[in-house]
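This report concerns only the one structure given below.
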């Protein structure tokens, strides 16, 4: 079945540091890949997505590239801010009904 | 993006009572809705998939008699936690899709059973 593996957290960074959160996946067919963000006490928000190989999703300074050869979708940001502190979920969808399979989430804490 | 509204955002109930959580798609017709549960410090686990007008399909290990799901219209699905117990305390979140786009998530409901 489909699965998503992402690096365990928590990840603690200083403000303006470079962020990478690794994500790899296993899926049948050609899944769409997503990064969701969950701020403290809130629901999920779609951060970015990519629907086919070599696509790059980007939003709010975050980027991730769909790498089919390595089955990866690593999240990066060049300069994190305190307001980026949240839990980040890598996810995929390979079914026709948009059923989403999530990774375990990575908590990011950015300190001033 | 499309809006999915979930209500209530927080609820506290007594052990043994039932609680209903609503998930509404505000600006599109949701042919399929999903219910997830998030355990503390863990990921979201799919509980069930509901298609409008059909019985929900539950994931393995989810008690269908305890977590009643109704998807009576194209804009509303409800999750009822029956005879709630403290171990049912969790964060429940729904998502909805028209089938032609990504799934959009509600804000989630924090259920506390005391």
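Quick look at the numbers
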{"read-out": "Ascending count of other beta-carbon atoms within 10 Å, so fewest first, for B:105, A:62", "value": "A:62, B:105"}
{"read-out": "Relative contact order for chain A, counting Cα pairs under 8 Å that sit 6 or more residues apart, in percent", "value": "37"}
{"read-out": "GNM result for chain A, Cα springs below 10 Å: residue of A:78, A:57, A:41 fluctuating most strongly", "value": "A:41"}
{"read-out": "Tensor-based shape of segment A:5-65 (alpha-carbon gyration tensor, a/c under 1.5 rounded, otherwise prolate or oblate)", "value": "prolate"}
{"read-out": "Extent along principal axes [Cα atoms of chain B; Å; largest to smallest]", "value": "39, 25, 23"}
{"read-out": "Cα centroid separation, segment B:24-76 to segment A:45-92 (Å)", "value": "26"}
{"read-out": "Highest-fluctuation residue, B:38, B:60, B:29 considered, GNM on chain B with Cα pairs under 10 Å", "value": "B:60"}
{"read-out": "Computed over the protein assembly as shown, Cα set: Rg, Dmax in Å", "value": "17.6, 51"}
{"read-out": "Listed residues A:63, A:15, A:76, most fluctuating in chain A (Gaussian network, C-alpha, under 10 Å)", "value": "A:15"}
{"read-out": "Approximate shape of chain A as ellipsoid semi-axes (Cα gyration tensor, √5λ), whole Å, largest first", "value": "24, 14, 12"}
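No value in this document is a laboratory result; all are computed from the given coordinates. Computed from a prediction, not measured in an experiment: that's the story for all the values here. Note that each Cβ is placed from the backbone with ideal geometry, even for glycine, and that neighbours are counted across all protein chains shown.
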